[in-house]
Amino acid sequence: MTAKVETTLRSPQAYGLARKVIDAMEAAGVWPTPLNFELWTHALGEPESVLAVEIQRMTAAGQPFTEAVTDGLAAEHLPRGRLTEQIRDAGRVLDRELSSVSSVIAEAHRSQAAYGQTLDQAATNIEAAADGDGLQTIVSGLTTATRQAQHETESLEKKLEVSTQEVVRLRQHLEMVRRDAMTDALTDLANRKAFDEHLAAACKHAETEGGALTLAVLDIDFFKRFNDTWGHQTGDQVLRYVASVLGRTAANPRFAARYGGEEFAIVFPYESVAMVEAALENVRTEIASRSLRRRSTNDELGAVTVSAGFAVRRRGETASAFLERADAALYASKRGGRNRVSCAERLPKAA
Ligand code: C2E
């Protein structure tokens, strides 16, 4: 759901969809609050989705869209809502496991203390014991207390093991949620949030440790025109294709992300200008050399091209200033006729 609607919202169909959403909301008597707008945009952008069917059903039944209803729909159907819900669930499980671990620890303390008291008492009794029978009673009491302590320890160990397994499962789940939150659903590349974090960390690292850091920004040429001509589903495939080429190029420690609608970025640590330029030229020529086909009709789509710009980080430069210079190089490529790679360091000073 996300990917399709997100792509539509960055295509020429976006305004048409927005108008349709407003009309539909007005007709249904729903206030155009940001959350309602988001819900209805998803519903109308993807009319076969569960959310759309639910909204149609509620509208037909004349059910009011109160704030509580809207919140419920958002939590269940909007990707962000689902994520929040998952994080909340994980928090609840973690809470439960932590309290279970603390009660196991408290129980262990109690059981140890009780055993200690039994031992103390036995020591006193041994000193006072007058005969063999008295000693036998004490030893038998100690044997029972030791067995009970053993039994309690085993049961506590089992409880701790269950809790440990649950915490491991939870960590894996949280890791998955974190990965989802950082991944662009359509292309499987890192998303804007992951990119922002990665770039900030890479700049910090370059500042403290030294070493080159280069940032490239790439944009698909005439993507909007392409979307207009062939529809956004084909547009999605083009995004996936470009992303697949970038993904192959940007193996670790390089880092590729879908930065915006049809805009991508690659971070290159520890590479010379010549190496970065060669990598970007390879990407550019590989993308331009393939003739794509529209899957539904087998129409020849021709080749797509990308423009790229890159900049080498200057000492003390912030992530946003760095990005701005890479962007300026990208726009130099666009102005220069597209399907080319430009380097910020070689732009005329006025640019
Ligand atoms: P996808 O459709 O999920 O395809 C994934 C990979 O499977 C492709 O990676 C390619 O290695 C292989 N594959 C799929 N269909 C074919 C095919 O008909 N012939 C051959 N030789 N291999 C095929 P690749 O090439 O990196 O493409 C990544 C994504 O880019 C594709 O994901 C698709 O979404 C898009 N794409 C690539 N080429 C075209 C195309 O000609 N037309 C359309 N509509 N989409 C394309």
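The values are calculated or read from the model by the stated rules, or taken from the named source; none is laboratory data. From a predicted model like this one, the values you see are computed outputs, not experimental measurements. FYI the Cβ positions are ideal-geometry reconstructions off the backbone, even for glycines, and counts take in every protein chain you see. Heads up: the accessible areas ignore ligands, DNA and RNA and are worked out on the full protein's heavy atoms, side chains in. Shrake-Rupley method; radii C 1.70, N 1.55, O 1.52, S 1.80 Å.
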With the first residue restricted to segment 228-247 and required to be small (Gly, Ala, Ser), and the second required to be within 8 Å of the ligand (Cβ to nearest atom), Cβ contacts under 9 Å at 6 or more apart or on different chains are GLY231/ARG294
Check segment 74-94 and report whether any residue there is surrounded by 15 or more Cβ atoms within 10 Å (Cβ to Cβ) and either closer than 26 Å to TRP230 by Cα or of a type in the set (Phe, Trp, Tyr) (or both). no
Checked against (1) open to solvent by less than 30 Å² (accessible area, probe 1.4 Å); (2) away from the ligand (no atom under 16 Å from the Cβ); (3) not in a helix (DSSP H, G or I), ARG315 satisfies every condition except (1)
Q) Do we have ARG92 as basic (Lys, Arg) and closer than 30 Å to LEU39 by Cβ here? A) yes
